Amino acid sequence: MPRALAAVMACAALMAQQGQRASPIRFRNVAVQAGLDFVLENSATPEKQIIETMTGGVAAFDYDGDGRIDIFFANGAALPSLEKSQPKFSNRLYRNLGGMKFKDVTAEAGLSGSGYSMGAAASDYDNDGHADLFVAGVKSNRLYRNLGNGRFEDVTKKAGIRDDVWSITGGWFDFDGDGRLDLFVVNYLKWSPGNPVFCGDPKVARAYCHPKLFEGLPNTLYRNRGDGTFEDVSARSTIAQHPGKGMSVAFADHDQDGRPDVFVTNDKVPNSLFHNLGGGKFEEVALEAGVALPDHGKEISAMGADFRDYDNDGLPDIAVAALAGETFPLFRNSGKGAFHDATYLSRVGPLSMRRSGWSPLLVDLDNDGWKDLFVSGSHVNDTVESFEATPYRLPNAVFANLGNGTFRDISADAGAEFQTPGVHRGAAFADFNNDGKIDVVVSLIGGRAELWQNESPAVNTWIALKLTGTRANRDGIGAQVQIGNQRNQMTASIGYASSSLTPVHFGTGNATHVDIEILWPGGARQALRNVRTNQVVAIREPALKAE
């Protein structure tokens with residue numbers, strides 16, 4: 001029987017067994033009440049400089065260790081100077097005060113930043129118990145070390161981090177298994193603010209240029225030496241041999257060989273999947289693995305990505321956001337290092353055909369045990385409506401996971417405010433009010449950031465795991481967690497130019513107690529039995545391997 005037909009029949013059988021399931025998912029935008037007054041300033045110019053439409057990453061992380069998740073926004077700068085010449089261009093850090101209230105602490109934290117910022121990646125790279133922050137930008141990458149007293153120190157130069165190319169974002173992972181987090185930086189195009197190229201129709205309007213007019217760049221891999229400095233191993237690892245037009249990065253052990261792999265979305269060129277061979281080497285395998293392009297073989301505007309198991313088969317899958325007419329591709333992990341395009345089989349294809357999106361998040365929004373798909377919405381080109389029947393401003397989208405391999409678009413039922421269109425960009429998730437339901441924060445170009453409080457009915461239970469590595473990196477990044485038939489992983493790299501350094505969240509349906517199995521980076525196994533749900537559980541990596 002052909003594989004495609006077998007997959008369709010299997011999906012149909014599962015649907016018949018489980019039916020069309022979907023718990024209500026409801027959101028309310030509480031940004032105003034919460035005190036989030038951030039506006040993403042892209043410094044729009046008549047010349048339509050391409051960087052203007054690309055900014056806007058968000059990071060959700062607990063910078064002060066008080067158990068509440070804080071929010072950082074990357075922001076633009078003046079053009080053509082690429083300088084934060086006015087306060088409105090400042091990057092912003094908001095401290096979570098509890099009760100869904102936030103305070104701007106940017107100045108005292110030392111995170112106003114410099115240059116035209118794009119994205120952010122949070123993790124504790126020096127294993128001192130304080131979450132640090134990498135901010136990517138247009139020739140303005142910055143590494144901030146968390147001093148543990150509410151302040152950050154710019155250690156970019158002393159750490160050996162380059163800032164001479166246009167980087168979109170970064171991501172933290174331990175590629176060599178030494179217990180220290182390494183940094184993967186996603187680079188986009190060779191671009192300069194001088195003499196901007198004219199794109200568009202002279203009789204109608206100028207437009208943002210297509211990325212095909214610019215040369216792409218190789219990504220950068222920095223190995224953490226453990227002394228506060230990093231070594232550029234891009235060439236030695238072979239990462240530098242595969243230039244692209246990188247937009248986002250996500251990590252998972254796609255073939256279950258015990259080593260984290262790297263997926264990079266590329267803009268209008270094939271995506272990259274770097275298979276970790278061990279010994280500091282990677283092999284680019286996107287084409288043979290089936291994730292370079294969707295099944296139709298056409299290059300798409302691949303924006304953000306999330307790399308998680310959506311169908312509870314224990315293997316990490318890949319969700320991608322793209323523009324109208326391209327769908328939001330969904331690559332299902334078939335095992336043994338291979339994926340197949342499940343975009344239409346999952347129903348995400350037809351549901352997203354007329355949507356444009358940036359930051360996809362695979363997370364269980366109704367705690368029913370199945371990861372749903374949230375995507376921040378907007379087109380890339382503010383003149384698109386003059387030549388296509390496609391809106392520029394769009395509402396966000398949420399697709400409920402029905403538990404049978406398919407999704408349903410429930411955006412229209414997620415709340416009246418949820419239908420509000422905007423120029424959405426980065427998005428990050430966290431349980432900001434510690435009520436057990438995942439909330440979402442989204443940046444908007446020229447508009448106030450949105451904070452979507454999850455007000456779904458509390459009909460299901462949940463559990464969240466705050467991991468602390470001992471031999472592994474302190475954040476436990478790369479750890480795989482199994483609860484029943486669900487598998488999730490500890491990672492901070494999600495969506496478009498964004499980061500969520502949060503406890504590993506599981507919706508647990510009607511369970512009051514669960515068994516937990518953890519595979520730590522390096523191979524240590526840990527099991528916890530009969531753990532009560534509806535709580536955040538702090539778990540420390542055992543000193544010795546345990547079952």
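The values are calculated or read from the model by the stated rules, or taken from the named source; none is laboratory data. Fair warning: this is a prediction, and the values are worked out from it, not measured in the lab. All Cβ positions, even for glycine, are placed from backbone atoms using ideal geometry, and neighbour counts span all protein chains on display. The protein model used for the area step is the full one, side chains on, heavy atoms only, and it has no ligands, DNA or RNA in it. Shrake-Rupley method; radii C 1.70, N 1.55, O 1.52, S 1.80 Å.
A few remarks follow.
- In this structure, Y222 does not qualify as open to solvent by less than 50 Å² (accessible area, probe 1.4 Å), hydroxyl-bearing (S, T, Y) and either more than 23 Å from S272 (Cα to Cα) or assigned to a loop (DSSP other than H, G, I, E, B) (or both).
- Pair list, Cβ < 7 Å and 6+ apart or interchain, from segment 331-356 residues that are surrounded by fewer than 21 Cβ atoms within 10 Å (Cβ to Cβ) to residues that are among the β-branched types (V, I, T) and not in a strand (DSSP E or B): L345/V8; R347/T406; G349/T327; G349/T343; M353/T327
- Single match in R408, R425 (criterion: in contact with a helix residue (DSSP H, G or I) (Cβ under 8 Å, 6 or more places away or on another chain) and assigned to a strand (DSSP E or B)): R408
- Residues of segment 421-437 that are open to solvent by 10 Å² or more (accessible area, probe 1.4 Å) and either charged (D, E, K, R) or modelled with pLDDT under 95 (or both): D431, D435, K437.
- Every residue from segment 106-126 that is touching a residue at least 24 places away in the same chain (Cβ under 8 Å) and surrounded by fewer than 18 Cβ atoms within 10 Å (Cβ to Cβ): E108, G110, S112
- In segment 474-501, the residues that are surrounded by fewer than 24 Cβ atoms within 10 Å (Cβ to Cβ) and under 30 Å from N91 (Cβ atoms): R474, N488, Q489
- Within segment 457-471, residues that are under 16 Å from R525 (Cβ atoms) sit with their Cβ atoms under 7 Å from residues that are modelled with pLDDT of 95 or more and small (G, A, S), at 6+ positions apart or across chains, in these pairs: L467/G476; L467/A479; G469/G476; R471/G179.
- Put simply, of F230, F184, F263, F198 the only residue that is of a type in the set (F, W, Y) and surrounded by fewer than 16 Cβ atoms within 10 Å (Cβ to Cβ) is F198.
- Members of segment 243-257 that are part of a loop (DSSP other than H, G, I, E, B) and in contact (Cβ under 8 Å) with a residue 40 or more places away in the chain: K245, D253, H254, D255, Q256
- Yes/no for T508 being within 19 Å of L315 (Cα to Cα) and open to solvent by 10 Å² or more (accessible area, probe 1.4 Å): yes
- All of P270, P196 fail the test of being outside any strand (DSSP E or B) and closer than 26 Å to T45 by Cβ, apart from P196.
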